[in-house]
Amino acid sequence: KTATKEDGSFRLVPVAPQANDLLIRAPGYGVTIRPQVPGGTKELVILLEKELTLRGTTIFPDGRPAPNIELLLHSAATLEADPFSRAAALHGGRPAEARGASDSQGIFSIGGLSQRDWFLHIRGPGIVEQILNGVVWVRPEIQPIEVVVEPGLSITGKIVDETGNSLPDL
């Protein structure tokens, strides 16, 4: 771990001789991908981009606002972004790089993003948790998006043993 000097330079010591992953955090700049630095690299120039904001609304299929929906963004541009990334994100295998929530009117704003493709994971009270199909392309010219969430249903039932007796406290 290190911080940059006035001229932007930095030095990481010691580093492993094999490839290294870097995580860069900088106020005012977007979530930075974790660049993998090949083993033996001694000098780097890293370009950071100004942060971008993803805005939009969460709605139900009938057009009503869907309030209090948590939106989690998982980078689709990292080494972990393989064909199983959507499932890994949904089932907790990958932490979200950015997150936000819709307000009482279904409006959300997630800042601090880098220009790239993101998997969007949504969850909240009364909806089906899901990763949206495809990716959200965050670019400087992005317009507000609309995220349609599916209301959850309920399943009721009864558990009995082979003789039909109710089994409580399961």
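The values are calculated or read from the model by the stated rules, or taken from the named source; none is laboratory data. Since we're looking at a predicted model, the values are computed, not measured. Don't worry about glycine lacking a Cβ; one is built from the backbone with ideal geometry, like all the others, and counts go over all protein chains shown. Surface accessibility is based on the protein's heavy atoms, side chains included, excluding ligands, DNA and RNA. Shrake-Rupley method; radii C 1.70, N 1.55, O 1.52, S 1.80 Å.
State whether one or more residues within the stretch 11-19 are farther than 30 Å from Ile127 by Cα and outside any loop (DSSP other than H, G, I, E, B). No - not one qualifying residue is present in the stretch 11-19. Candidates Pro61, Pro65: the one that is in contact (Cβ under 8 Å) with a residue 12 or more places away in the chain, exposed (fewer than 13 other Cβ atoms within 10 Å of the Cβ) and either closer than 30 Å to Phe108 by Cβ or under 25 Å from the mean Cα position of the chain (by Cα) (or both) is Pro61. List the pairs whose first member sits in the stretch 1-16 and is within 17 Å of Lys42 (Cβ to Cβ), whose second member is open to solvent by less than 80 Å² (accessible area, probe 1.4 Å) and among the charged types (D, E, K, R), and whose Cβ atoms are under 8 Å apart, counting only residues at least 6 apart or on separate chains? That search, which allows pairs on different chains as well, returns nothing. Among the residues making up the stretch 75-127, those that are in contact with a helix residue (DSSP H, G or I) (Cβ under 6 Å, 6 or more places away or on another chain) and at pLDDT 85 or above are Phe119, His121.
For the stretch 127-157, the candidate set comprises residues that are farther than 15 Å from Pro61 by Cβ and of a type in the set (A, V, I, L, M, F, W, C); within that set, the residue that is farthest from the chain's Cα centre (by Cα) is Ile155.
If you go through the stretch 101-137 and keep only what is free of Cβ contacts under 8 Å to residues at least 40 places away in the same chain and over 24 Å from Pro35 (Cα atoms), you end up with Ala101, Asp103, Ser104, Gly126, Val128, Glu129, Leu132, Asn133. Here is a check on your reading of the model: is Leu54 of a type in the set (A, V, I, L, M), in a strand (DSSP E or B), open to solvent by less than 100 Å² (accessible area, probe 1.4 Å) and closer than 23 Å to Ala98 by Cα? It is true that Leu54 is of a type in the set (A, V, I, L, M), in a strand (DSSP E or B), open to solvent by less than 100 Å² (accessible area, probe 1.4 Å) and closer than 23 Å to Ala98 by Cα.
Scan the stretch 25-36 and give yes if some residue there is at pLDDT below 85, touching a Ser or Thr at 6+ places or on another chain (Cβ under 9 Å), outside any loop (DSSP other than H, G, I, E, B) and under 30 Å from Pro144 (Cβ atoms), otherwise no. Looking for residues that are at pLDDT below 85, touching a Ser or Thr at 6+ places or on another chain (Cβ under 9 Å), outside any loop (DSSP other than H, G, I, E, B) and under 30 Å from Pro144 (Cβ atoms), one finds at least one in the stretch 25-36, hence yes.
If you go through the stretch 25-47 and keep only what is of a type outside the set (Gly, Ala, Ser) and open to solvent by less than 40 Å² (accessible area, probe 1.4 Å), you end up with Val31, Thr32, Pro35, Val37.
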